[in-house]
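Right, one structure below, let's go through it.
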Amino acid sequence: MKLGRLKKRLHTQARREAMWALVFLSPYLIIFIIWQIFPLLYGLWLSFTNLDLLHSSDVKFVGLSNFTRILSDSFVALSLKNTLYFTAGSVGLGIVLALALASAMNGTSFENRWVKWVCFIPYLMGASAIAIVWKRIYLGYSGPLNELLMAVGFPNIAWLADTNSAMPSVIIVSVWTMLGFNGLILLAGIQNIPSEVKEAAMIDGAGPWTAFWLITLPLLKPILFFVITFAFIGAFQAFGLVYALTTGWNAVYGGDPLYHTLTYVMYLYAVAFKNMQVGYGAALSWLLMAIILGVTLIERRFLGAEE
């Protein structure tokens, strides 16, 4: 009997604690449902409709028509190709340079602390401010970058106006913007690696390069998973910086010159908020989510973040 009463008392106490936990969590849960779950489900419903804000009174359920339209939309294929190019360049180059920067900053001197602050400043700047600065740097014959190149004998380059150099120029700006943030995250991971492991490798005859490949890099896998995933999601959703750098005021979709810098989110934005085709735009956004989710799962599989 005593055991039965004890079980009943513990069950009642657990229910009471669960109820109070729900009470204290309810403000967050309400906000989460209103601002996250409802828009997500509403966007899913919109993707199955023909909602056009120019004819909002004639909304019909069209099934998978928006998703089949994606398969024949040449701008989807073009923007995805540009986005993959931008993502591969900015993430690949950015992670390599961030690793190099983190290794260089792995110290405690006064100069290193100032280097950390200086490298982090671009991440704090807004996309519009960064675009204004770099458009001035990339300017034609009067731009400082071209003046420097011509001073040492190189030809003038139309950085943002040439179809061959426009996307690489945008990638350079993106890498510069994120370099300090990624470098500091990787630096924190490097500094959390036990010094005894590195010292043991040095005693066994491993040089700095060997120690980096066999000790530092494998132990950085969880941090690398976070940094690469964060960088991939940011690059695949690239909009503000690319739009400000390459899009004129009268452009329909943006991505000058000749759509060579048109990213997927730029096209999604133009479809949904310029052409007012909200239903088709919602379908494009769900494709974007599926791609990001799929790549994230693949990264988790190969980087072994669960270890």
Examine the stretch 133-150 for a residue that is under 26 Å from Leu184 (Cα atoms), under 24 Å from the mean Cα position of the chain (by Cα) and surrounded by fewer than 17 Cβ atoms within 10 Å (Cβ to Cβ), and state whether such a residue exists. yes
So which pairs qualify, if the first residue must be in the stretch 171-193 and farther than 19 Å from Ala129 by Cβ and surrounded by fewer than 23 Cβ atoms within 10 Å (Cβ to Cβ), the second must be modelled with pLDDT under 95 and among the aromatic types (Phe, Trp, Tyr), the Cβ gap must be under 6 Å, and the two must be at least 6 apart or on different chains? none
Somewhere in the stretch 108-123, is a residue surrounded by 18 or more Cβ atoms within 10 Å (Cβ to Cβ), in the same structural domain as Phe226 (by TED's automatic domain parsing) and of a type in the set (Gly, Ala, Ser)? no
If I ask for residues that are buried (at least 23 other Cβ atoms within 10 Å of the Cβ), more than 23 Å from Thr49 (Cβ to Cβ) and free of Cβ contacts under 8 Å to residues at least 24 places away in the same chain, which ones from the stretch 255-297 would you list? none
Output the residues belonging to the stretch 192-205 that are closer than 19 Å to Ala104 by Cα and touching a helix residue (DSSP H, G or I) at 6+ places or on another chain (Cβ under 8 Å). Ile193, Lys198, Met202
Evaluate the following for Trp20: is it out of contact with any Leu (no Cβ under 6 Å at 6 or more places or on another chain) and either closer than 17 Å to Ala282 by Cβ or at pLDDT 90 or above (or both)? no
In the set Phe239, Phe212, which member is at pLDDT 85 or above and of a type in the set (A, V, I, L, M, F, W, C)? Phe239
Of the listed residues (Ile37, Ile31), the one being in a helix (DSSP H, G or I) and over 20 Å from Ile292 (Cα atoms) is Ile31
Based on what the data block shows, is Phe61 among the aromatic types (Phe, Trp, Tyr) and more than 28 Å from Tyr259 (Cα to Cα)? yes
Pairs only if they're at least six apart or on different chains, beta carbon under 7 angstrom, first in the stretch 138-167 and touching a residue at least 24 places away in the same chain (Cβ under 8 Å) and hydroxyl-bearing (Ser, Thr, Tyr), second surrounded by 14 or more Cβ atoms within 10 Å (Cβ to Cβ) and in a loop (DSSP other than H, G, I, E, B); list them, first residue then second. Tyr138/Trp159; Tyr138/Leu160; Thr163/Pro257; Thr163/His260
Quick check on the stretch 45-56. Is at least one of its residues surrounded by fewer than 12 Cβ atoms within 10 Å (Cβ to Cβ) and modelled with pLDDT of 90 or more? no
Condition first: free of Cβ contacts under 8 Å to residues at least 24 places away in the same chain, assigned by TED's automatic domain parsing to the domain that holds Tyr123, within 23 Å of Phe302 (Cβ to Cβ) and surrounded by 16 or more Cβ atoms within 10 Å (Cβ to Cβ). Can you find one or more residues in the stretch 213-224 that meet it? yes
Being surrounded by 10 or more Cβ atoms within 10 Å (Cβ to Cβ) and under 30 Å from Tyr253 (Cα atoms): is that true of Leu71 here? no
Here's a check for you: in the stretch 237-254, which residue that is among the polar types (S, T, N, Q) and surrounded by fewer than 18 Cβ atoms within 10 Å (Cβ to Cβ) is nearest to Met167 (Cα to Cα)? Gln237
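The values are calculated or read from the model by the stated rules, or taken from the named source; none is laboratory data. Worth saying up front: this structure is predicted, and the values here are computed from it rather than measured. All Cβ positions, glycine included, derive from the backbone under ideal geometry; neighbour counts span all protein chains shown.
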